[in-house]
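Encoded as structure tokens, here's the structure I'll be asking about.
The values are calculated or read from the model by the stated rules, or taken from the named source; none is laboratory data. Bear in mind the structure is a predicted one, so any value in this text is a computation, not a measurement. Cβ placement follows ideal geometry from the backbone for every residue including glycine, while neighbour counts extend to all protein chains displayed.
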Amino acid sequence: MIKEKPLIGIVDYQAGNLRSVQKALEKFGARVLISSEKQDLLNSDAIVFPGQGACDSSMQNLKKKSLDEVLIRLIKDQVPFLGICLGLQLLLENSEEGIEDCLGVIHGNVKKFTPGLKVPHMGWNQVEWRIDHPVFKNIPTNQNFYFVHSYYADPVDNSIVAGVTQYGQEFCSAVTFDNVIATQFHPEKSGSLGLQIYDNFIQFVMGD
Amino acid sequence: MLTKRIIPCLDVDQGRVVKGVSFVNLRDAGDPVEMARFYDLEGADELVFLDITASSDNRNIMKHVVKSVSEQVFIPFTVGGGIRKIQDIREMLESGADKVSLNSAVFSNPDIIYESSQFFGSQCIVSAIDAKKITRYSNVVPQNISKEYVIDSSTEWEVFSHGGRTPTGIDAVKWAKFMAEMGAGEILLTSMDKDGQESGYDIQLLRSVTNEISVPVIASGGAGSMEHFKKAVELGQADAVLAASTFHFGTFSINQVKKYLHDSDVPIRKTF
């Protein structure tokens, strides 16, 4: 158990804005280090892997700094890990969005929404919990969270799907396995319920 | 099910919220952060900040506003006004804006939509279009713009630039389609005829655009009653509705609108 304020490393790989993520974590007492340096991330008590943007350029940025290997190792080592949006999608093997291999921590691919639907899927939509996880504590099922994405993760192993959302079809909007929690929605943009996830995540990191 | 978004729009001048904000319970109704917080609690699903002076000096002030808002308010927000270059977009996004809305810059440099959506992703590029019903054919011939978007006998609405002051000679519906094809992730569609009239959104305009494109459309201009919101989403097929003065003057609150929509079976994020 971590007694002091936990140090949370936010992976900086030029994939979108990190300010709100940082502020949300700090609000609940974490120390935050935004970094693209291996060693910083390896020294952190927990990792937040946010992201917005294109899969290929993001994977290339990660690989340039060998952060792909670092993230895989941290997950294997059971370091608490919160992936957000692209930070969920990149955990899978491949994406229909690009040609680069993704991290492959989750068996399965990232797919494009069925033609005919408006993309991006942008706005507030409901998440139905499938797994009762401490990071989703005090958040009832079917509450609204903020989404903005054109692709969705489709894990082969249904048992890691922690939340699902309806948009033309049902898709996986949250996964949990080992010490990994990853959401397609943006908790840092989802008002008070979203902030609850950061609060819960920090409790989880501290071993409560 | 994806819900319809209710979005208050705040005009910012020199870092202060201006234009008719008349809430009694706010310590400082001119403070963008205070206003953002207020609307967050009121049930706003998203916020739009328009920098109405939009000079280069002002952009630095705006960056501070954006920083403070993003550090304290945890709902998505868009920043528009005076954004001309990729660098301007980068600065706003790095300061914490979720999306940037582009308007006048697009007419002198249409490639900016394509380039910025490639750089930053479509999800953060909003194309703001000010449209006005054609009453007589303008003789403006747009420069740098392909002929297929120029108004012709089938055109119903013309696009105006520079805060609605300058006719562009461009067909609004075709232009919206072009913007989406170029990579805009969302269209903020303002009816200049309806703006400030409080007589309802321009349903025909909305319908013409939403029928043509597959990115979300925000309806703007004309909100005066709660029924107007319902018509914009049901008849106009808008994905989101934006309003300014009706919320600022407290004609009704966002949660009242949401309750009304909810009771009318329009999917919304319940915040009341």
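Out of (1) farther than 17 Å from residue A:197 by Cα; (2) within 14 Å of chain B (Cβ to nearest Cβ); (3) crowded, with 20+ Cβ neighbours inside 10 Å; (4) out of contact with any helix residue (DSSP H, G or I) (no Cβ under 7 Å at 6 or more places or on another chain), what's the single condition that is false for residue A:22?
All conditions pass for residue A:22, except number (1).
Report, by residue number, each residue of segment B:247-265 that is surrounded by fewer than 21 Cβ atoms within 10 Å (Cβ to Cβ) and under 21 Å from the mean Cα position of the chain (by Cα). So that I can check it myself, show each step before the final result.
First, the residues of segment B:247-265 that are surrounded by fewer than 21 Cβ atoms within 10 Å (Cβ to Cβ): B:249-253, B:255-256, B:259-260, B:262-265.
Of everything in segment B:247-265, those that are surrounded by fewer than 21 Cβ atoms within 10 Å (Cβ to Cβ) and under 21 Å from the mean Cα position of the chain (by Cα) turn out to be B:249, B:250, B:251, B:252, B:253, B:255.
Residues checked against (1) within 14 Å of chain A (Cβ to nearest Cβ); (2) surrounded by 23 or more Cβ atoms within 10 Å (Cβ to Cβ):
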residue: B:68; (1), (2): yes, no
residue: B:71; (1), (2): yes, no
residue: B:87; (1), (2): no, no
residue: B:119; (1), (2): yes, no
residue: B:133; (1), (2): no, no
residue: B:151; (1), (2): no, yes
residue: B:161; (1), (2): no, no
residue: B:167; (1), (2): no, no
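Hey, another quick one. So is residue A:71 part of a helix (DSSP H, G or I) and either farther than 30 Å from residue B:270 by Cα or out of contact with any Phe, Trp or Tyr (no Cβ under 8 Å at 6 or more places or on another chain) (or both) or not? Break it down into steps so the answer makes sense when it comes.
Working: part of a helix (DSSP H, G or I): yes; either farther than 30 Å from residue B:270 by Cα or out of contact with any Phe, Trp or Tyr (no Cβ under 8 Å at 6 or more places or on another chain) (or both): yes.
When the stated conditions are applied, residue A:71 passes them.
Filter the strands (runs of 3 or more DSSP E) completely within segment A:134-208 down to those with at least 3 residues that are within 11 Å of chain B (Cβ to nearest Cβ). Lay out the reasoning, then the answer.
On the way: elements: A:143-149, A:151-155, A:161-166, A:170-177, A:180-183.
Hits in segment A:134-208: A:143-149.
Residue check: is residue B:239 surrounded by fewer than 17 Cβ atoms within 10 Å (Cβ to Cβ), farther than 17 Å from residue B:130 by Cα and either at pLDDT 95 or above or in contact with a helix residue (DSSP H, G or I) (Cβ under 6 Å, 6 or more places away or on another chain) (or both)? So that I can check it myself, show each step before the final result.
Values: surrounded by fewer than 17 Cβ atoms within 10 Å (Cβ to Cβ): no; farther than 17 Å from residue B:130 by Cα: yes; either at pLDDT 95 or above or in contact with a helix residue (DSSP H, G or I) (Cβ under 6 Å, 6 or more places away or on another chain) (or both): yes.
So residue B:239 fails the test.
Which one of these is out of contact with any helix residue (DSSP H, G or I) (no Cβ under 8 Å at 6 or more places or on another chain), within 23 Å of residue A:118 (Cβ to Cβ) and outside any helix (DSSP H, G or I): B:180, B:128, B:184? Outline the logic, then answer.
Values: B:180 fails: outside any helix (DSSP H, G or I); B:184 fails: out of contact with any helix residue (DSSP H, G or I) (no Cβ under 8 Å at 6 or more places or on another chain).
Answer to the selection: B:128.
Being buried (at least 23 other Cβ atoms within 10 Å of the Cβ), within 12 Å of chain B (Cβ to nearest Cβ) and closer than 22 Å to residue B:92 by Cα, is that true of even one residue in segment A:34-50?
The answer is no, given that none of the residues of segment A:34-50 is buried (at least 23 other Cβ atoms within 10 Å of the Cβ), within 12 Å of chain B (Cβ to nearest Cβ) and closer than 22 Å to residue B:92 by Cα.
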